[in-house]
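Comments concern the structure below.
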Amino acid sequence: MHTDLLEELVSTGKPSLSDPAIVDALVRHFAERVFETQAAWQLGRPGAREPLMLIEQDARRLGSIVRGHDSAYDATPWNSDDRLGMYFKILFPEKTRHYGDPGVALFMWLACQLMEGAATIERDPAAEDNVKRRLERIVVDVVARLLREKH
């Protein structure tokens, strides 16, 4: 277990980015929004004409939260641009350059995995169980990385 007295947290009553349940909920809510946005676009619903733009807006909001830029959440030192930001710049160099933000890069990468999974299920409904298991592993992996449980 990683311990550092300089990284001890003081609770302010806000949701903490060190809480696995909070981080898991943020990531899963993002995934749900990706699927909802894609479905709305496919159904031709009003306001869903630019699904990628809507998903990118969500990715920007989530990227800001996980990198400690949203004061509604208690961040940890890991959530800084110099730590988590650099970590995702290394994992997603092309996406970081494209979006200009490593947090956005992470969530746009995740959105791509989710949309590819949904497309696979549409083409081959028999693959649904395998795709769902793969996407669940990806979500769990993203949460672990955001919590600094996996490097």
Exercise. For a label point 7 Å from the Cα of Asp141 along Cα→C-beta, name the residues of region 87-129 whose backbone N is under 15 Å from it.
Key: 88, 91-93, 106-117
Practice problem: Would you list which aspartates and glutamates come within 13 Å of Lys95, measuring only between C-alpha atoms, while excluding same-chain residues fewer than 8 positions from it? | Solution: Glu56
Exercise. Collect residues whose amide H, placed 1.01 Å from N in the peptide plane, falls under 5 Å from the amide H of Asp74; neighbours closer than 5 in sequence don't count.
Key: Ser16, Leu17
Quiz item: Can you give the angle from 0 to 90° between the axis of helix 128-146 and the longest principal axis of the chain, with both taken from C-alpha atoms, to the nearest 10?
Solution: 20 degrees
Practice problem: For region 25-54 and region 72-151, compute the distance between their C-alpha centroids and round to whole Å. | Solution: 16 Å
Exercise. Quick one: angle between helix 102-123 and the longest Cα principal axis of the chain, in degrees between 0 and 90, rounded to 10, please.
Key: 30 degrees
Quiz prompt | Relative packing of 129-138, 97-106, 68-77, which averages over residues the other C-beta atoms within 10 Å, highest first | solution = 97-106, 68-77, 129-138
Quiz item: Using only helices, what value at 222 nm comes out for the chain when you add -39,500 (n - 2.57) per DSSP H run of length 4 or more and divide by the total residues, to the nearest 500 deg cm²/dmol?
Solution: -20500 deg cm²/dmol
Exercise. On a 0 to 90° scale, report how tilted helix 51-66 is relative to the longest principal axis of the chain, with both axes built from alpha carbons and the result rounded to the nearest 10.
Key: 10 degrees
Practice problem: Run the quick spin-label model on Leu52 and Ala126: label points 7 Å from Cα toward the beta carbon, then report their separation in nm to one decimal. | Solution: 3.3 nm
Self-check item: Cα-derived Rg to Rh of the chain, Kirkwood definition
Solution: 1.00
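Since every read-out is calculated from the coordinates, none of them should be taken as a lab result. Source: prediction; values computed, not measured. Glycine also receives a Cβ, built like all others from the backbone with ideal geometry; neighbour counts cover every protein chain displayed.
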